[in-house]
Amino acid sequence: MSIRSVSQPAAARHFPLASVLWPEQAGEISGVARGVVLVALGTALMTLSAKVNLPLPYVPMTLQTLVVLMIGAAYGWRLGCATMFAYLAEGAIGMPVFAGPVGGLAPLLGPTAGYLFGFIPAALVTGWLSERGWDRSVIWLFAAMAAGHLVILAAGFGWLAFGIGLGVEKAWLVGIVPFVAASLVKNALGAALVPAARRVADRRG
């Protein structure tokens with residue numbers, strides 16, 4: 001056994017969990033229909049996770065980051081990003097998909113904007129790593145999801161500090177500090193659930 005095989009996950013691309021559970025069929029129409037259904041399911045989960053929230057002064061604490069990263073890991077980066085785009089588009093046209101009862105552009109321009117737009121690159125990073133085998137290991141998927149969490153928090157922090165002018169110190173106190181412990185817990189939960197589902201799906205296959 002080589003050192004390379006021990007020190008890092010498999011480099012070969014493999015199918016995301018969603019493709020194992022629901023394999024892509026030949027034909028453009030069936031592929032589009034599958035994508036539409038999975039995106040709709042993903043945006044519905046995002047909406048539900050937004051409604052489970054703890055109100056805080058600027059940005060509520062929700063389950064959304066967990067769902068974003070699990071979607072990225074399970075869907076892969078392309079479909080994961082498409083799902084996040086669709087979710088933000090639903091909110092932009094007024095559907096009440098964000099935390100609280102509101103939709104429209106206000107959440108996409110207010111204090112939560114950085115976090116919301118950070119969902120897209122977070123799904124990309126986690127999905128890209130997942131497609132390279134990181135979703136088979138709790139440790140490696142924890143690292144992949146941690147990278148996704150860092151992207152979201154960095155985007156949120158940057159917007160709070162400079163986009164709406166809170167400044168670095170206050171943005172750190174209200175936009176990062178309250179979310180660190182919860183992010184670690186959600187990271188661990190997602191990193192345990194996805195590989196477990198992957199093992200079950202692989203055995204069924």
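For the pair residue 164 and residue 138, the difference between a 0.36 nm per residue extended length and the Cα-Cα distance amounts to 5.6 nm.
Each label point was placed 7 Å from the Cα along the Cα-to-Cβ direction; for residue 172 and residue 24 their separation is 4.4 nm. Values of log10 I(q)/I(0) for the range 83-205 across q = 0.18 Å⁻¹ run -1.00, by the Debye formula with one identical scatterer at each alpha carbon and no solvent. Across the range 174-186, computed HN-Hα scalar couplings (Karplus, 6.51 cos²θ - 1.76 cosθ + 1.60, θ = phi - 60°) run 9, x, 10, 3, x, 9, 5, 4, 5, 5, 5, 5, 5 Hz from first to last residue, x flagging Gly and Pro.
Its residues counted as N, the chain yields a C-alpha radius of gyration over 2.2 N^0.38 Å of 1.05.
Placing +1 on the Cβ of every Lys and Arg and -1 on the Cβ of every Asp and Glu, with no other charges, gives the chain a dipole of roughly 500 debye about its Cα centre.
Coordinate-derived values only; no laboratory data. Keep in mind it's a predicted model, so treat the numbers as computed, not measured. Don't worry about glycine lacking a Cβ; one is built from the backbone with ideal geometry, like all the others, and counts go over all protein chains shown.
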